[in-house]
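The values are calculated or read from the model by the stated rules, or taken from the named source; none is laboratory data. Owing to the predicted nature of the structure, the values given are computational and were not obtained by experimental measurement. Virtual Cβ from ideal backbone geometry, glycine too; neighbours counted across all protein chains shown.
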Amino acid sequence: YVKVSGKVMYEDGSLIPFDGIVLMFYPQGSAIDAKTHPRLGRTTIDKTTGEFHEVTSHYLNDGLVRGKHKVALRSSSGQPLPPELVPPEYGDPFKTPLEIDTADRPLELRVKRP
């Protein structure tokens, strides 16, 4: 696991005005074997700064498995964010345009305005 941190914002650098945004990191690496798959990571962003620091995959704040991850934005209740704030594809791990590599730290995620 690799500790990661970063910031989430709109493409113009402004913050997304929503309290309780959760980032879900979906590993793009293949399984080690039939029973061992890379774990999903998650963290909550700070609404006042757009920053995130404590990413958890298995144990609290252990980070992400090395490599590339698709990133989806959800509310703290697990629901998609309102479409007037974030386009719906950003909440779908298969359609999200956000992808990070753990080698690129700190992470900067830029989201299109709807």
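Quick notes
- Lone unmet requirement of (1) touching a Leu at 6+ places or on another chain (Cβ under 8 Å); (2) farther than 17 Å from Arg110 by Cβ for Ala72: (2)
- Filtered residues of region 1-48 (kept if over 15 Å from the mean Cα position of the chain (by Cα) and of a type in the set (Lys, Arg)): Lys35
- Of all residues making up region 8-50, the number that are at pLDDT below 95 and of a type in the set (Val, Ile, Thr): 2
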